[in-house]
4 protein chains.
Amino acid sequence: MGAVKSKRVPRAIREQQMLDAAVLTFARRGYAAASMDEIAEVAGVSKPLVYLYLNSKEDLFSAVIRRESEALVAAVTAAVEPGATADRQLWSGLRGFFAHTAEYPDGWAVLHQQARTHGEPFAREVAVVRAEVVAFVTELIGAAAKEAGCAGELAEREVAGLAHALVGAAESLAGWANVRTDEGPSGEREHPSAKDTAATMMNFVWAGLGRLMEGERWAPGGLIGQQGRSAAVRG
Amino acid sequence: MGAVKSKRVPRAIREQQMLDAAVLTFARRGYAAASMDEIAEVAGVSKPLVYLYLNSKEDLFSAVIRRESEALVAAVTAAVEPGATADRQLWSGLRGFFAHTAEYPDGWAVLHQQARTHGEPFAREVAVVRAEVVAFVTELIGAAAKEAGCAGELAEREVAGLAHALVGAAESLAGWANVRTDEGPSGEREHPSAKDTAATMMNFVWAGLGRLMEGERWAPGGLIGQQGRSAAVRG
Amino acid sequence: MGAVKSKRVPRAIREQQMLDAAVLTFARRGYAAASMDEIAEVAGVSKPLVYLYLNSKEDLFSAVIRRESEALVAAVTAAVEPGATADRQLWSGLRGFFAHTAEYPDGWAVLHQQARTHGEPFAREVAVVRAEVVAFVTELIGAAAKEAGCAGELAEREVAGLAHALVGAAESLAGWANVRTDEGPSGEREHPSAKDTAATMMNFVWAGLGRLMEGERWAPGGLIGQQGRSAAVRG
Amino acid sequence: MGAVKSKRVPRAIREQQMLDAAVLTFARRGYAAASMDEIAEVAGVSKPLVYLYLNSKEDLFSAVIRRESEALVAAVTAAVEPGATADRQLWSGLRGFFAHTAEYPDGWAVLHQQARTHGEPFAREVAVVRAEVVAFVTELIGAAAKEAGCAGELAEREVAGLAHALVGAAESLAGWANVRTDEGPSGEREHPSAKDTAATMMNFVWAGLGRLMEGERWAPGGLIGQQGRSAAVRG
DNA sequence: AATGAATGAGAATTCATTCAT
DNA sequence: AATGAATGAATTCTCATTCAT
């Protein structure tokens with residue numbers, strides 16, 4: 001069990017091995033149920049060494065969160081085409097996001113499931129990153145509105161809500177896309193590619209945003225246009 | 001600390017008090033970090049009584065999940081207008097959902113954050129309920145397509161993806177709507193009402209669905225219509 | 001589970017039901033692992049009633065020991081033919097003993113296995129009864145020696161040792177005889193009857209005693225007679 | 001209380017210390033009443049170390065049973081003179097047995113009293129060892145019969161019964177020999193030596209066996225010879 | 001005569017963490 | 001750079017026992 005023993009490994013590498021082991025173990029067991037014993041064993045080192053390098057379980061978890069969220073942000077950032085139109089930026093960012101979460105499901109699980117459910121030190125760390133993402137998306141929506149020449153149609157709070165909804169939808173799809181439905185011989189019912197998932201998102205999101213920016217709103221009786229929002233929804 | 005001591009309470013009532021305490025504590029601390037000691041204290045009883053009535057921490061957590069998910073489903077079900085059009089059903093269901101999650105944030109936190117991150121017995125229980133909700137939404141989208149007279153335009157898998165995205169968006173907004181409380185003096189920056197949140201969702205979702213059903217798809221160059229999807233997305 | 005509920009039973013009878021339940025449960029589980037809960041359930045009453053009648057677990061166990069050892073002593077006493085020769089008394093006593101232990105294996109298990117292995121209050125109670133039995137057997141051997149007209153041949157301590165050995169052998173055979181070896185179709189390999197077991201004991205014991213009383217002793221080189229014992233055994 | 005603290009002891013030695021402490025404590029208190037806390041304290045270490053090395057109370061008890069029964073078997077085996085006549089083998093084996101049980105009364109108490117009264121995992125372990133001893137004694141009796149040239153006189157089941165009686169008698173004497181200590185000022189009423197106890201057994205047993213092998217049986221009217229057994233015992 | 005409701009005290013077990021080498 | 005030895009502090013769970021009716 002655990003990695004092959006190789007003595008005298010430089011610190012930088014050992015630390016990464018430990019973080020790898022920690023990501024795996026936190027994802028498999030959850031923060032609380034993951035024991036330092038198991039992490040050390042998976043990393044192929046003794047427990048005191050883990051403490052020597054990472055100080056404590058909390059610090060280790062924080063280091064994991066930091067590394068994984070930086071990796072995720074880096075992946076998305078790298079994927080986004082800087083000068084493109086807002087929709088293309090969203091599209092490329094989503095592709096980067098889905099590709100990364102599919103490639104590192106354990107890292108994603110730690111960020112999305114573990115970090116958010118365990119007390120103050122950690123939840124905040126992810127919340128900050130998530131807030132940045134939401135802010136980025138918010139900007140994108142604003143930019144899109146400007147591009148479409150209809151800045152006034154979307155209230156600030158409305159945009160924030162939309163960004164939150166969009167991010168939540170993406171998170172949900174990330175989980176869904178990673179669940180390998182075990183039916184039929186392999187080949188049938190495969191993982192949807194990051195491209196497909198991103199397309200689903202774009203189709204879901206962009207069309208609606210377009211209409212919103214044109215001033216249309218949903219109302220109990222059907223879509224209506226041009227009126228102010230408060231009138232549209234009467235409950 | 002804990003509730004006011006009231007001796008000799010019938011079992012049925014005590015059990016509810018214990019479940020209340022458990023919901024609170026699990027939401028505050030997370031499953032693993034919540035100790036039976038604290039739950040008992042919050043419930044205002046001794047630990048042995050908790051074990052006598054609820055058997056074990058696992059059983060207690062299961063009972064909590066069951067009660068809370070049944071309550072949530074009941075609230076949404078009660079909110080939906082049975083014979084209405086698909087969009088109205090979605091609208092009323094969302095209102096019920098946001099109203100319930102706003103009223104019982106701890107119950108929602110346990111279902112959404114704790115139950116899903118802690119091993120097989122629990123994750124499955126919530127997964128089942130969530131799958132039912134997704135199925136319901138999937139049906140709604142199908143019905144809407146039929147109402148709009150364009151059944152063929154949406155592939156089955158596409159519908160499933162949309163339903164997942166929609167549910168994820170709603171979950172994200174539920175969390176968002178509940179968090180906004182702690183800024184400024186009370187009164188300023190209030191919870192958005194369930195109605196407002198549901199409206200955000202409907203505006204976000206329904207318009208987009210409408211376009212999708214009309215055969216429009218998003219493509220890197222902008223919205224395009226009528227063509228097959230594979231042509232639309234070239235990446 | 002437990003006996004059929006019948007309310008309003010006179011105390012004397014209820015107590016016996018409780019003792020029955022206790023014997024069963026102590027034999028099945030052992031003293032420590034037997035819970036008052038289970039005993040009460042097997043007895044078909046509520047726990048407080050057990051405490052009302054029997055005071056405590058210790059008292060309950062003592063009551064069980066007392067009842068069972070009195071029953072055993074009574075059975076053996078009743079079996080012994082008062083005026084008979086020593087060997088006939090031993091023979092009839094053994095038959096009574098094996099018959100009783102076979103009929104009440106749980107009672108015997110409590111006396112022989114549980115009572116002796118659990119701390120001072122209980123071990124002493126059984127020890128006293130056992131000592132009485134040993135004393136009785138010692139007398140019997142003495143009487144036999146007298147009958148045989150060779151009182152001087154057996155040292156007092158030697159007689160005591162023989163009595164202990166005899167009692168131990170009988171206890172061992174009681175356990176052995178009660179183990180139902182589950183081989184073959186029923187009928188094959190049955191319980192030996194109390195008579196058979198007693199016969200085995202008598203054959204084992206009486207012949208040897210006869211020789212001892214005639215002054216013969218075993219010595220490393222074979223049986224030798226007439227000499228004093230210290231000379232016989234040289235190691 | 002507990003042993004003198006000696007830090008940083010190699011595992012193999014610590015384990016033996018723990019087993020020593022466990023034997024002592026199980027013998028004193030019984031399996032259930034012996035707490036891991038007390039065992040750890042007696043061993044002079046902390047509880048977690050006991051768990052680290054021995055895993056659980058059950059495993060600890062099993063380890064104790066294994067060590068003690070192996071030691072007992074080894075002592076008896078070492079004592080038996082391999083090529084000697086059956087009676088000499090029995091004699092030397094008994095001396096070894098009584099010497100060992102007298103030297104390690106706690107180990108013997110655990111095997112004889114505790115292990116047999118506590119559920120399946122343990123009872124079986126001792127039962128197996130005891131069955132081996134009984135089998136050995138059975139062989140010895142058979143060999144003795146052959147030496148005496150009267151193989152046909154003893155039925156198989158009869159031999160088994162005798163072996164059980166013999167073992168039971170020895171067990172009883174082992175307990176008896178160890179208990180006699182606590183009366184009067186030390187010096188008076190000493191432990192009988194293993195040699196004496198073994199002699200009592202041999203005198204008790206061997207003479208009787210001799211007669212049995214000569215075809216004599218006990219019968220209600222006195223010893224009778226040569227007839228079949230069924231006729232001898234009429235009850 | 002009998003019980004549903006309730007608890008104080010202690011049990012086994014596990015963990016994050018450190019010391020000495 | 002690395003580890004075998006060791007522990008303080010919780011945590012889950014159980015049990016004998018009592019109270020109020």
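The values are calculated or read from the model by the stated rules, or taken from the named source; none is laboratory data. Since the model is a prediction, treat every value here as computed from it, not as a measurement. In this analysis, Cβ positions are derived from the backbone assuming ideal geometry, glycine residues included, and neighbour counts consider all displayed protein chains. What goes into the accessible areas is simple: the full protein's heavy atoms, side chains included, and nothing from ligands, DNA or RNA. Shrake-Rupley method; radii C 1.70, N 1.55, O 1.52, S 1.80 Å.
Using the structure shown, decide if C:LEU212 is at the interface with chain D (Cβ under 8 Å from one of its Cβ atoms) and either at pLDDT 75 or above or in a loop (DSSP other than H, G, I, E, B) (or both).
So C:LEU212 passes the test.
Working carefully through the options B:LYS7, B:LYS57, B:LYS47, find the one that is within 15 Å of DNA strand F (Cβ to nearest atom) and over 26 Å from B:GLN113 (Cα atoms).
Answer to the check: B:LYS7.
Hey, any hits in the stretch D:68-76 for a residue that's modelled with pLDDT of 95 or more, crowded, with 21+ Cβ neighbours inside 10 Å and within 11 Å of DNA strand E (Cβ to nearest atom)?
Within the stretch D:68-76, not a single residue is modelled with pLDDT of 95 or more, crowded, with 21+ Cβ neighbours inside 10 Å and within 11 Å of DNA strand E (Cβ to nearest atom).
Which helices (runs of 4 or more DSSP H) sit wholly inside the stretch A:53-169 and have at least 3 residues that are free of Cβ contacts under 8 Å to residues at least 40 places away in the same chain and of a type in the set (A, V, I, L, M, F, W, C)?
A:57-79, A:119-147
Regarding the stretch C:3-11, can at least one residue be identified that is part of a helix (DSSP H, G or I) and either outside the structural domain of C:VAL110 (by TED's automatic domain parsing) or crowded, with 20+ Cβ neighbours inside 10 Å (or both)?
yes
Can you tell me which residue within the stretch B:54-67, out of those that are under 27 Å from A:ALA123 (Cα atoms) and surrounded by fewer than 21 Cβ atoms within 10 Å (Cβ to Cβ), is farthest from the chain's Cα centre (by Cα)?
Filtering the stretch B:54-67 for residues that are under 27 Å from A:ALA123 (Cα atoms) and surrounded by fewer than 21 Cβ atoms within 10 Å (Cβ to Cβ), the one farthest from the chain's Cα centre (by Cα) comes out as B:LYS57.
Run D:LEU140 past the list (1) open to solvent by less than 20 Å² (accessible area, probe 1.4 Å); (2) within 11 Å of chain C (Cβ to nearest Cβ) and report the number of the one that doesn't hold.
(2)
Please specify each residue of the stretch B:21-32 satisfying the condition of being within 11 Å of B:GLU68 (Cβ to Cβ) and surrounded by fewer than 18 Cβ atoms within 10 Å (Cβ to Cβ).
Result: no residue meets the conditions.
Please go through the stretch B:33-44 and give me each residue that is surrounded by 13 or more Cβ atoms within 10 Å (Cβ to Cβ) and either within 11 Å of DNA strand F (Cβ to nearest atom) or assigned to a helix (DSSP H, G or I) (or both), ordered by number.
Across the stretch B:33-44, the qualifying residues are B:ALA33, B:ALA34, B:SER35, B:MET36, B:GLU38, B:ILE39, B:ALA40, B:GLU41, B:VAL42, B:ALA43.
Looking at this structure, is C:GLY119 under 21 Å from C:THR25 (Cα atoms) and out of contact with any Cys (no Cβ under 7 Å at 6 or more places or on another chain)?
yes
What tally of residues in the stretch B:176-206 results from selecting those that are surrounded by fewer than 22 Cβ atoms within 10 Å (Cβ to Cβ) and modelled with pLDDT under 85?
Residues meeting the conditions: 17.
Name, by its number, the condition in (1) touching a Pro at 6+ places or on another chain (Cβ under 9 Å); (2) farther than 21 Å from A:ALA163 by Cα; (3) more than 15 Å from DNA strand E (Cβ to nearest atom) that does not hold for A:PHE61.
With respect to (1) touching a Pro at 6+ places or on another chain (Cβ under 9 Å); (2) farther than 21 Å from A:ALA163 by Cα; (3) more than 15 Å from DNA strand E (Cβ to nearest atom), A:PHE61 is out only on (3).
Hey, can you tell me all the residues within the stretch C:17-53 that are among the β-branched types (Val, Ile, Thr) and under 23 Å from the mean Cα position of the chain (by Cα)?
Once the filter is applied, which keeps residues that are among the β-branched types (Val, Ile, Thr) and under 23 Å from the mean Cα position of the chain (by Cα), the stretch C:17-53 yields C:VAL23, C:THR25.
Condition test on C:GLU147, is it out of contact with any strand residue (DSSP E or B) (no Cβ under 6 Å at 6 or more places or on another chain) and open to solvent by 60 Å² or more (accessible area, probe 1.4 Å)?
yes
From B:GLY119, B:GLY161, B:GLY107, grab the single residue that is farther than 21 Å from B:VAL73 by Cα and either modelled with pLDDT of 90 or more or open to solvent by 30 Å² or more (accessible area, probe 1.4 Å) (or both).
B:GLY119
For the stretch B:17-29, does any single residue satisfy the condition of being outside the structural domain of B:ALA123 (by TED's automatic domain parsing), over 21 Å from B:HIS118 (Cβ atoms), assigned to a helix (DSSP H, G or I) and within 13 Å of DNA strand E (Cβ to nearest atom)?
Yes: the stretch B:17-29 contains one or more residues that are outside the structural domain of B:ALA123 (by TED's automatic domain parsing), over 21 Å from B:HIS118 (Cβ atoms), assigned to a helix (DSSP H, G or I) and within 13 Å of DNA strand E (Cβ to nearest atom).
Which residues, counting only those in the stretch D:11-27, are under 20 Å from C:GLY30 (Cα atoms) and touching a residue at least 60 places away in the same chain (Cβ under 8 Å)?
Correct list: D:VAL23, D:PHE26, D:ALA27.
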